[in-house]
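Data block below; observations after.
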Amino acid sequence: MSTLTRFSAIPYTGPAPTNRNPYVPADVATIDARGAEIAARAGVALEQETGLDLPAFIVAKEAIVPTLRALRDHTEFQFDLPLDLFGVDYPGREQRFDVVYQLYSVKNNERIRLKVRVGETESVPTSVDVYRAFDWFEREVFDMYGVRFEGHPNLRRILTHEMFQGHALRKDYDPAQRWLLSEQGVAKLKPKIDPRFEVEHSDFERVTLNLGPSHPAMHGTLRCAVTLEGETIVGADQEIGYLHRCFEKMSETHTYQQVIPFTDRLNYCSAVINNVGYCMTVEKLLGVAAPERAQHVRLMLSEFYRIADHIVCIGTNLVDLGALTNFWYLFQPREEIIALAESCSGARLLPTYLRIGGLAVDVPADFLSNSQRIVNMLPKYIDEVEALVMKNRIFRDRTEGVGAITKEDALNFGFTGPCLRAAGVPFDVRKASPYLGYETYDWDVPYAEGGDTYARFLVRFEEMRQSIRILQQAIDRGLPSGPVIVDNPYVALPPKEKVYNEMESLIYHFKLIMHGIQPPVGEAYFQVEGGNGEVGFYIVSDGTKNPYRVRVRPPCFPIFEAYGHMIMGQTIPDAIATLGSLNIIAGELDH
Amino acid sequence: MNPWMTYLIWPLIKFSIAFIAVQALVAAMNWIERRLLGFFQARLGPNRVGPWGLGQIIADPIKFLLKEDFVPARAEKVAYYLGPILPLLPSFIVFCLIPFGPPPTFAVTNNINVGLLLIFALTSTAVYGIILGGWASNNKFSLMGGLRSAAQMVSYEVPLGLSIVGVLMLTQSLELEEIVRYQEMNSWNVFPQLVACFIFIVAMNAENNRTPFDLPEAESELVAGFHTEYSAMKFAFYMLGEYSLMIVNSCLAVTLFFGGWSLGMGGIGFTTEVMQKMGWVGGLIGTGIFVTKMMLFLFMYIWFRATFPRFRFDQLMDLGWKFLIPLALANIFVTGIVLLAFPSRLYGDTVIAVGEIMLTVIGMIVIALTLVLLFKPKRPKVINASRVSEA
């Protein structure tokens, strides 16, 4: 372990804009009123923080566990879905870290944010007992900020290497450092035996087997060490971070516009949806909205990429189950979808087509006719693959009851998206808090009972049909006329002709290229429905051209956390079938 | 004729021809399989080397020969080297026993009267190579693949063996030529022994570790199963063994159930007598017919692979022990009773095999019931569509 090279980044030292007011959401009065209501009736002491985009409260660190428990078990509020837990570093403050909890109530369809302030030497009591999802989230905060969680059962680094020095997301961590880390001294992963399978004496020897990180079924670079008795899994422990690319830290050293390509690479199967989530969060901070035409294209591409995401998930899952044909067969419509994105932006898998405030360029003239062609061809492929597998007895035997999770567990583990809907909770961000005009379309949220692999297949097949429904309506409405990016020189680059011919535009162009977009000071969270769950972005702006903090809520993260729980007592083929149906995308999982 | 000629030179020549033909067919099978899978999966398959990618047949072996021959450091050397060779030997010997065309020319050895038994004895040794290879590699995945294959191949040997008992009861012979002769004089065994044929096809798929029974390799679960640690020509030997056994089993299915080299039933049609009258041309035509039927079976293997998902191990065992073996036993029982109770009768001038017709009908009913049973949905479709209340 040694430092290879050490050079420092050149920070931007230009003047900070002074003519900016703090960010205030449009409906701040209602939010604050609701916050006051929750604070009054929650039954625990909550100190309200007003003026934010969600009802937000500051909680003392000693009180966080009872507060979370009270909010979860409250008959009226029922914040049963733990969305996110992350840290923010404010080095100037006496208690420099904010540990932020975001919760969602399925019953009331509302979100809240809790903040715990801690100093560098302080620790927070662990909330794993309240929300099991927070196990990994707390490890991530520990890894990135060095905040310790008292009583945590397994407080180890999660995204970075075990031998890594320092805490990468702290503001005083120099991102230009390079480390060469070896495996020497790293403890071997030893899966904890599930209590159900603990025996005092057995005639059979148990084997620990590493599934991954390089294993055909561990898409990308996942790793799960399992302890086997025969072929039954009696202990499992997942290890992640093999694809960690410090998305969040990188964002802090790039301008808002430059972050967009990084978001592409989170869930690379449905890149456009991540773009939409990020761009809309920044737009929320800026207080601008993309023009109608841009919104329409964003919605259509989101739905197309959702279908592409489900196609990849279903196809690869079936490959894992040994049914090879469907994978290639389904890739034909996916190829068409990607070609459509290519015709828009020039890039295929990761189009980076969106810009803050709209789109990079206008769509080609044949966009709608091409979309119609794809929408016409999709049902045939979906129907044929569904007919081939869903009634197949082998397939049913392989998937029914396999990798099942109950509704309560799914919520407690922080599931969102198709995996949560397969467990019987019809929560979809597009319905719950519509964006891009989803509320104006006629479509349904499919959900299934059982929470097993078969149910996840059912939900994904039906969701593709619903996406086709949305797309057909979107095509029928036609593209609204008008520009594809906002007419705001502080957000969008002026057109090239203007730059060449007008002094003003040239200056704006120069300013935007050199100094970037500078949103008002404040914080905002915005969520979209990704291919495998809620993709949320939490951005803190300090008024400069670089985001102060970008936090992405990766839907895979809590889902993969529950994986070990889901495969316990089952066999290796079941574990493989389950993994595929969860649609874990390592790019997103590892940030 | 000189006895040396009869018993050594001539069989050697025949064996060489069969050996080379099998090698060529195995190499070609690789290409055929990949092209066919491409066709099933709406893609092209290998089409770059030579016309229609035919050069792939030669390019693949060359590649295997040139690759690094890797041996794991802590492998059990002797067993590791022995592993790939063992499955190969029986399949080559078995080829000498199969009558490809009408007698007297077209089998390597002349008519062994326990031919069928010998074939089963030989092919069942193929599993040793897989177990040895899996164990010797010193890899957990390989070991699991080897163990799975041991259990699987031993289990499916039973229904495979039981399924042919019905055929033997009909034909009253273990001689393969005699079995073919019987079929062309009466009817192809697939009709009175429909259930046995079904069991045989399922079990032979399982015997060969082909999808949906490819659990010993199960590339998505066990990386590559028993041959995870094998590379270059050793890996190619495993493939060679697998494909040779596929061909052997296809040959057996054709011989036992689909009339072998002949294209006739009830003594009418393109039978052995007709071929023998045509001399060696007839023999060649007979061989052609045999190979065509065999290719249809090989096609079926690939078709299965492109269609079905893989079983889970316990489900595979259930299918073998709880379904196929009882079914095979029942088949033997029913065949015996029907043949005893309804012997062939003379109606006017024609002989009508009442028993065999009854068996055909019973077989069809059983297969229909099985299919209904297999595809009966266990659980109702549970998908709902609803709106989330907008709070």
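For peptide A:316-326, compute the average count of partner chain beta-carbon atoms within 10 Å of each residue's beta-carbon.
6
Compute the relative contact order of chain A as a whole-number percentage, counting only Cα pairs closer than 8 Å that sit 6 or more residues apart in sequence.
Dividing the mean separation by the residue count of chain A yields 17 percent.
Sort A:467-479, B:16-28, A:177-189 by packing, meaning the average of other beta carbons within 10 Å per residue, with the highest value first. Write out the running numbers ahead of the final one.
Details: A:467-479: 16.8, B:16-28: 15.1, A:177-189: 10.5.
Listed from highest to lowest mean packing, they are A:467-479, B:16-28, A:177-189.
Residues of the range B:100-239: accessible area per residue at 1.4 Å, in Å²?
Each residue of the range B:100-239 exposes 30 Å² on average to a 1.4 Å probe.
Select from A:Y441, A:I260, A:T316 the residue farthest towards the positive end of the dipole of the range A:246-553; place +1 on Cβ of Lys and Arg, -1 on Cβ of Asp and Glu, and compute about the Cα centre.
With unit charges placed on the Cβ atoms, the residue in question is A:I260.
Using the alpha-carbon centroid of each, what span in Å lies between the range A:351-388 and the range A:547-581?
Cα centroid to Cα centroid, the span is 29 Å.
Peptides A:153-162, A:287-296: what's the order by average Cβ count within 10 Å, highest mean first?
A:287-296, A:153-162
Let me know the mean shielding of A:536-544 by other chains, meaning the per-residue number of their Cβ atoms within 10 Å of its Cβ. Spell out each step's value before the answer.
Values: counts 0, 0, 0, 0, 0, 0, 0, 0, 0.
Counting Cβ atoms of other protein chains within 10 Å of each residue's Cβ and averaging gives 0.
Tell me the relative contact order for the range B:159-238 as a rounded percent, counting alpha carbon contacts under 8 Å between residues six or more apart.
About 21 percent, as a whole number.
Tell me, how many Å apart are the Cα centres for the range B:56-108 and for the range B:224-278?
Here the two parts' Cα centres lie 15 Å apart.
Compare A:D172, A:D203 by solvent-accessible area with a 1.4 Å probe and give them largest first, with all protein chains kept in place.
Per-residue accessible area, sorted high to low, gives A:D203, A:D172.
With point charges of +1 on the Cβ of Lys and Arg and -1 on the Cβ of Asp and Glu, referenced to the Cα centre of the range A:246-553, which listed residue (A:Y500, A:V402, A:G357) lies farthest in the positive direction of the dipole?
Highest projection toward the positive end goes to A:Y500.
When ligands, DNA and RNA are left out and all protein chains stay put, how many square angstrom of accessible area per residue does the range A:246-553 have with a 1.4 Å probe?
In whole numbers, the range A:246-553 has 30 Å² accessible per residue.
Take every residue in peptide B:311-317, count the Cβ atoms of other chains within 10 Å of its Cβ, and give the average of those counts.
Partner-chain Cβ atoms within 10 Å, mean over residues of B:311-317: 5.
Rank A:P379, A:T221, A:P195 by how far each Cα sits towards the positive end of the charge dipole of the protein assembly as shown (+1 on Lys, Arg Cβ; -1 on Asp, Glu Cβ) and give me just the farthest.
The residue sitting most towards the positive pole is A:P379.
Short version: what are the Cα gyration tensor semi-axes of the protein assembly as shown, square root of 5 times each eigenvalue, largest first, in whole Å?
They are 64, 30, 28 Å, listed from largest to smallest.
For A:E49, which sequence-distant residues (separation of 5 or more, or a different chain) have an amide H within less than 5 Å of its own amide H, given hydrogens modelled in the peptide plane?
A:A56, A:F57, A:I58
Write down the percent of antiparallel bridges among all DSSP beta bridges whose residues are both part of the range A:42-169, to the nearest 5.
So the antiparallel bridges in the range A:42-169 amount to around 75 percent.
Please list, or write none, the lysines whose alpha carbon is within less than 21 Å of the alpha carbon of A:K498, excluding same-chain residues fewer than 8 places away.
Candidates past the 8-residue exclusion: A:K511.
Ignoring ligands, DNA and RNA and using a 1.4 Å probe, state the total buried accessible area between B and A in Å², rounded to the nearest 100.
Heavy-atom accessible area buried at this interface is about 4300 Å².
With charges set only on the Cβ (+1 for Lys and Arg, -1 for Asp and Glu), what does the dipole of the range A:189-239 come to about its Cα centre, in debye to the nearest 20?
Roughly 260 debye for the range A:189-239.
Can you work out ³J(HN,Hα) from phi for every residue in the range A:381-391, in order, using Karplus 6.51 cos²θ - 1.76 cosθ + 1.60 and θ = phi - 60°, giving whole Hz and x for Gly and Pro?
Here the 3J(HN,Hα) series is 5, 5, 4, 5, 5, 4, 5, 6, 9, 5, 9 Hz.
Per residue of the range A:434-447, in order, report the coupling 6.51 cos²θ - 1.76 cosθ + 1.60 (Karplus, θ = phi - 60°) as ³J(HN,Hα) in whole Hz, putting x for Gly and Pro.
My calculation for the range A:434-447 gives x, 9, 6, x, 4, 5, 8, 9, 9, 7, 10, 9, x, 8 Hz in order.
The range A:246-553: D in µm²/s via Stokes-Einstein (Kirkwood Rh, Cα pairs, 37 °C, 0.692 mPa s)? If you can, show how the numbers build up before the last one.
Details: Rh = 20.3 Å.
So the translational diffusion coefficient is about 162 µm²/s.
Largest first, what is the accessible-area ranking of A:K115, A:K391 with a 1.4 Å probe?
A:K391, A:K115
List the pairs from A:K190/B:K140; A:K188/B:K67; A:K188/B:K140; B:K140/B:K322 whose alpha-carbon separation is above 22 Å, in the order I gave them.
Where the Cα-Cα span goes over 22 Å, the pairs concerned are A:K188/B:K67; B:K140/B:K322.
Using Cα centres only, tell me the gap between the range B:302-339 and the range A:467-507 in whole Å.
The range B:302-339 and the range A:467-507 have Cα centres separated by 64 Å.
Where the only charges are on Cβ atoms (+1 Lys, Arg; -1 Asp, Glu), what is the dipole of the protein assembly as shown about its Cα centre, to the nearest 20 debye? Mind dumping the intermediate values first?
Working: 86 positive and 100 negative charges, 272 e Å.
About 1300 debye.
Over the range A:42-169, calculate the relative contact order: mean separation of alpha carbon pairs under 8 Å at least 6 apart, over the residue count, as a percent.
Working: 247 pairs, mean separation 26.6, N = 128.
This gives 21 percent for the range A:42-169.
The values are calculated or read from the model by the stated rules, or taken from the named source; none is laboratory data. Not measured: the values here are computed from a predicted model. Neighbour counts run over all protein chains shown; Cβ positions are idealised from the backbone, glycine included. Note: areas computed on protein heavy atoms with side chains; ligands, DNA, RNA excluded. Shrake-Rupley method; radii C 1.70, N 1.55, O 1.52, S 1.80 Å.
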